[in-house]
Structure formats: C-alpha cells, structure tokens
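**Q** I'd like to ask you about the structure that follows.
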Amino acid sequence: MQIHIFSFRCRFDFLTAGSIVGWAVNRWVLKPNHIGGAFTQGYLNDVICLPLFLPIILLVQRLLKFRENDNPPRAWEIVQHAIIFSIVFEVILPRYPELFRTTADPLDAVAYLAGGLGAWPIWHSRGVSFAIRKWLSQAATVRALRRARLMRIG
C-alpha cells in the first residue's frame, strides 16, 4: 500500500487565500473604521506577509528549479525570508521616501517572523493529516473490496 507524500501547492493553500482576504478586510474595513487599534493600523499586514507571499515565492523557486521539492516551507526558509523582507522593507526602502511610502519599524521584522512561524505548524500539520486521510481512505477501500469478495464467495 503506497501513501502519497503531501505536495505543498500555493494555489491550493488556504493560508494564502486567507491572507488575501485578511489583507482586504484590513485595507477596506478595519483601517478606515479604526477597528483594532495599533495592531490593525501598523502590524496586521506585516503578520500576514509571509503566509501570503512565501508559498508564491517557493512556487516560483520550484518553477525556476531553485527548489527541488514541493514540501511545505522549512523553518529555516521562513526565517530566511523574514530576514530578507526585513532588510528590504525596513532598511533599504525607507531610504527612498520619494519612491516608497514606508518607515523603518523594527517591530515589523518581528511581525514578519511571527506570521511565518505561526503559519509553519499549520502548513506542516496539513501534510500529516493529508497522508493519514489518504491511508485511511485506501484502507477503507481495501476492506470494502474484501467484504464484496467474501459476499460473492459465500
């Protein structure tokens, strides 16, 4: 009996879709109505940044053959991308205020990392539960086939 290994695909990732919805709600509902205070005004988008963009980045890396598998992101990949996002958005872009409307805030870097590390167990638990469901489904099919064969014999 073969158990299929979980394949991480960003186009089916509910965290990416949920992050898009979360961003839209924050942009058009929470921020304009001043709901949620400083968190929604300054950090919610940063928290959902890695759950939104990391699966897409990993898909592009896979298509360009920089990544060898479709597994969920490893912890070091999450930390690596949190560092990259922090350098780009908190160090480099604030130096060009005429081009980018951003400010350097060290708590944004913490929010990037918190969002990515918060998504990590969810991305990985889905792989385990998928494999278990697949195995149970196959086992149930085998049992059903055995019962049908016994009914024909008896």
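The values are calculated or read from the model by the stated rules, or taken from the named source; none is laboratory data. Note that the coordinates shown come from a computational prediction; the quantities given were computed from them, not determined experimentally. FYI the Cβ positions are ideal-geometry reconstructions off the backbone, even for glycines, and counts take in every protein chain you see.
**Q** Mind counting the residues in region 89-106 that are surrounded by 12 or more Cβ atoms within 10 Å (Cβ to Cβ) and either in contact (Cβ under 8 Å) with a residue 12 or more places away in the chain or assigned to a helix (DSSP H, G or I) (or both)? Working first, answer last.
**A** We begin by selecting, within region 89-106, every residue surrounded by 12 or more Cβ atoms within 10 Å (Cβ to Cβ); these are 89-90, 92-94, 100, 102-105.
So of that shortlist, the ones also either in contact (Cβ under 8 Å) with a residue 12 or more places away in the chain or assigned to a helix (DSSP H, G or I) (or both) come out as 89-90, 92-94, 102, 104-105.
Residues in region 89-106 being surrounded by 12 or more Cβ atoms within 10 Å (Cβ to Cβ) and either in contact (Cβ under 8 Å) with a residue 12 or more places away in the chain or assigned to a helix (DSSP H, G or I) (or both): 8 in total.
**Q** Given the residues PRO51, PRO72, which is the only one that is under 26 Å from SER125 (Cα atoms) and at pLDDT below 90?
**A** Working: PRO51 fails: at pLDDT below 90.
Testing whether each residue is under 26 Å from SER125 (Cα atoms) and at pLDDT below 90 leaves just PRO72.
**Q** I've got another one for you. In contact with an Asp or Glu (Cβ under 8 Å, 6 or more places away or on another chain), buried (at least 20 other Cβ atoms within 10 Å of the Cβ) and either polar (S, T, N, Q) or in a helix (DSSP H, G or I) (or both), is that true of LEU52?
**A** Spelling it out, it is not the case that LEU52 is in contact with an Asp or Glu (Cβ under 8 Å, 6 or more places away or on another chain), buried (at least 20 other Cβ atoms within 10 Å of the Cβ) and either polar (S, T, N, Q) or in a helix (DSSP H, G or I) (or both).
**Q** Same structure again: If a residue must be buried (at least 17 other Cβ atoms within 10 Å of the Cβ) and free of Cβ contacts under 8 Å to residues at least 40 places away in the same chain, how many such residues does region 69-78 contain?
**A** Counting residues in region 69-78 that are buried (at least 17 other Cβ atoms within 10 Å of the Cβ) and free of Cβ contacts under 8 Å to residues at least 40 places away in the same chain gives 1.
**Q** Something else about it: Mind checking which residues of region 105-125 are over 21 Å from the mean Cα position of the chain (by Cα) and under 14 Å from ILE84 (Cα atoms)?
**A** Scanning region 105-125 gives a single hit, PRO106.
**Q** Right, another one. Do we find that HIS4 is more than 23 Å from SER86 (Cβ to Cβ), assigned to a loop (DSSP other than H, G, I, E, B), at pLDDT 90 or above and not aliphatic (A, V, I, L, M) in this structure?
**A** No; evaluated as a whole, the condition is false for this residue.
**Q** Out of all the residues in region 31-45, is one or more touching a helix residue (DSSP H, G or I) at 6+ places or on another chain (Cβ under 9 Å) and exposed (fewer than 12 other Cβ atoms within 10 Å of the Cβ)?
**A** Among the residues of region 31-45, at least one is touching a helix residue (DSSP H, G or I) at 6+ places or on another chain (Cβ under 9 Å) and exposed (fewer than 12 other Cβ atoms within 10 Å of the Cβ), which makes the answer yes.
**Q** Now for a separate question. Please determine, by comparing only the residues of region 71-88 that are touching a helix residue (DSSP H, G or I) at 6+ places or on another chain (Cβ under 6 Å) and in a loop (DSSP other than H, G, I, E, B), which one is farthest from ASN45 (Cα to Cα).
**A** Residue satisfying both the conditions and the ranking: PRO72.
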